[in-house]
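So the structure is just underneath, and the comments pick up after that.
The values are calculated or read from the model by the stated rules, or taken from the named source; none is laboratory data. Just so we're clear, the structure is a prediction, and the values are computed from it rather than from any experiment. Using ideal geometry, Cβ is built from the backbone for each residue, glycine included, and neighbour counts are taken over all protein chains shown. All accessible areas refer to the heavy atoms of the entire protein, side chains included, with ligands and DNA or RNA removed. Shrake-Rupley method; radii C 1.70, N 1.55, O 1.52, S 1.80 Å.
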Amino acid sequence: MLRIGLVPIVRPLFRGSRFGLEHTSRRALEALGRELGFELAFVSEPVADAAQAEAAARAAEAARLDLLLVQHVTFATGEAFLPLLKLPIPVGLWALPEVWDTGPLPQNAICGLNLGVSLAEQPTKWFYGAVEDVWFQARLKLTLGALRGAKVLRKGRVLALGGHAPGFFAFAALPETGLTVEKAELGELWEALAAVPEEAVAERAAAFRELSEYPVEALRELFRLELALEKLAQPYDGVALREWPEIPDRLGVMAYAAMARLADQGYTLAPEGDVMGLASLLALRAISGQPAILLDISHFSPKGLMLWHGGEAPQAWAGGPTRLVPHFNRHLPAVRDMPLRAGPITGLRLLPGRRAVVHGGLLNGEKGYDGDSSYLTRPTWASEPLTPRQFLASWFNHRIPHHLAVGMGAFEEVLLEMCAWLGLEVLPARTEEHRLVW
């Protein structure tokens, strides 16, 4: 749950400082937190001068907040809030509405907000209105989603198991947001496999219910791999796995069905050792509340861009029946074959140099190649509508690595704000279709 702090700012000269507005809005904010999934974890006494602002800033920083709301109950000059704007945590400046609109000016809070945003030197979001106001709540809901994504990218912990797939050199890049990446060789996987009890394999086999072109006995090594990966993944927010060529060469099975079944249980695994892709998946999951998946652009036609991958998607993404089938190239067990469900999607690709691509569109639900697949139609790039060809040109012109991290739902605005909090440059569409772009 996100931890939010509140520091009311007042100037005693204004009548509004004596109306108790900070107490009323605090109670309303606490109630809203129960609805939106945040805790009002810190509230200071009203701040009126520089010394009080310094003390409130120290206390707010010690409270380990995900967001600090600096509330302009009335107008106040900069010394009453500048220490709060300099904190190394996300800050929102919030002005309460005036209690009347004729006669003596009661608060002048919106002017205080104007002064505050003009003095901010790092990302700071403004808010205006009573807690009950639709505009205030819409802006806050968007921020809460953005901060959930930012939190996992700043404080999460992932495992890079085995490095990147052969020749996929771009996947060697690591996030620059604070995410902790621990590295391990595939030897740890072999040890985990050897430690899996036969009884546990038998239990997974007995519980297996999915449609499959293989008898259950032919999937025993897949269940063993699933159990070993589960053991390794438990301490982490996610795992980037080098799943080929060593796993099929050594075990005689593909990892994809095991990865899909673990995704059904809530684990996040990225194929081909793609750590940046994994980080993107974690942010999308935190924002949407649903599992996210990595996909390739595998075909371009009048239908749109076919998004596809080898068969590790969870059943939550299924737009129809699922079944385990042989891998399309190696003909080994097993991959999960299914159409991806129709509906809006949102994409994120973190890039070196503190950059990112934010995109979206619709999946039409039509299945393409074996594995998990569907067509991307009506694509957008940083909320700008594009044609499928313009999207493809932008992807190539920016030379983006080939995995698209895709989440359920329309969350581009949330991702754009997340990138602002993290200080990530969002790349614009680059739609030139004919000349060389470099």
Report the residue count in segment 139-195 for those that are aromatic (Phe, Trp, Tyr) and either within 16 Å of the chain's Cα centre (by Cα) or crowded, with 16+ Cβ neighbours inside 10 Å (or both). 2
Does at least one position in segment 60-72 carry a residue that is open to solvent by less than 50 Å² (accessible area, probe 1.4 Å), modelled with pLDDT of 95 or more and either out of contact with any Phe, Trp or Tyr (no Cβ under 9 Å at 6 or more places or on another chain) or closer than 30 Å to Glu188 by Cβ (or both)? no
Checked pairs for segment 103-121, first in contact (Cβ under 8 Å) with a residue 12 or more places away in the chain, second among the hydroxyl-bearing types (Ser, Thr, Tyr), C-beta under 6 Å and 6 or more apart or across chains, list as Gln107/Thr74; Ala109/Thr74
Taking segment 412-436 and the residues there that are acidic (Asp, Glu) and surrounded by 15 or more Cβ atoms within 10 Å (Cβ to Cβ), the one that is farthest from Val358 (Cα to Cα) would be Glu417
Which one of the conditions (1) closer than 29 Å to Glu182 by Cβ; (2) touching a helix residue (DSSP H, G or I) at 6+ places or on another chain (Cβ under 9 Å); (3) buried (at least 17 other Cβ atoms within 10 Å of the Cβ) does Gln290 fail to meet, given that it meets all the rest? (3)
Single match in Lys151, Lys125, Lys141 (criterion: assigned to a strand (DSSP E or B), charged (D, E, K, R) and in contact (Cβ under 8 Å) with a residue 12 or more places away in the chain): Lys125
Unmet requirement for Arg285, which otherwise passes all of (1) open to solvent by less than 10 Å² (accessible area, probe 1.4 Å); (2) assigned to a helix (DSSP H, G or I); (3) closer than 20 Å to Leu153 by Cβ: (1)
Any chance Leu222 is touching an Asp or Glu at 6+ places or on another chain (Cβ under 6 Å), closer than 19 Å to Arg330 by Cβ, in contact (Cβ under 8 Å) with a residue 40 or more places away in the chain and buried (at least 16 other Cβ atoms within 10 Å of the Cβ): no
Check off (1) open to solvent by 10 Å² or more (accessible area, probe 1.4 Å); (2) at positive phi; (3) of a type outside the set (A, V, I, L, M, F, W, C) for Gly129 and give me the number that stays unchecked. (1)
Sort out which residues of segment 244-267 are buried (at least 24 other Cβ atoms within 10 Å of the Cβ) and either among the hydroxyl-bearing types (Ser, Thr, Tyr) or at positive phi (or both), and write them in order of number. Tyr256
Here's a check for you: in segment 368-411, which residue that is closer than 27 Å to Gly289 by Cβ, of a type in the set (S, T, N, Q) and touching an Asp or Glu at 6+ places or on another chain (Cβ under 7 Å) is surrounded by the most Cβ atoms within 10 Å (Cβ to Cβ)? Ser374
Note on segment 293-323: residues aliphatic (A, V, I, L, M), within 16 Å of Met408 (Cβ to Cβ) and open to solvent by less than 20 Å² (accessible area, probe 1.4 Å) are Ile293, Leu294, Leu295, Leu307, Ala313
Does Gly365 fit the bill of being open to solvent by less than 30 Å² (accessible area, probe 1.4 Å) and not in a strand (DSSP E or B)? yes
Please identify the pairs in which a residue from segment 291-303 that is touching a residue at least 24 places away in the same chain (Cβ under 8 Å) has its Cβ atom under 6 Å from the Cβ atom of a residue that is among the hydroxyl-bearing types (Ser, Thr, Tyr), counting only partners at least 6 apart or on another chain. Lys303/Tyr375
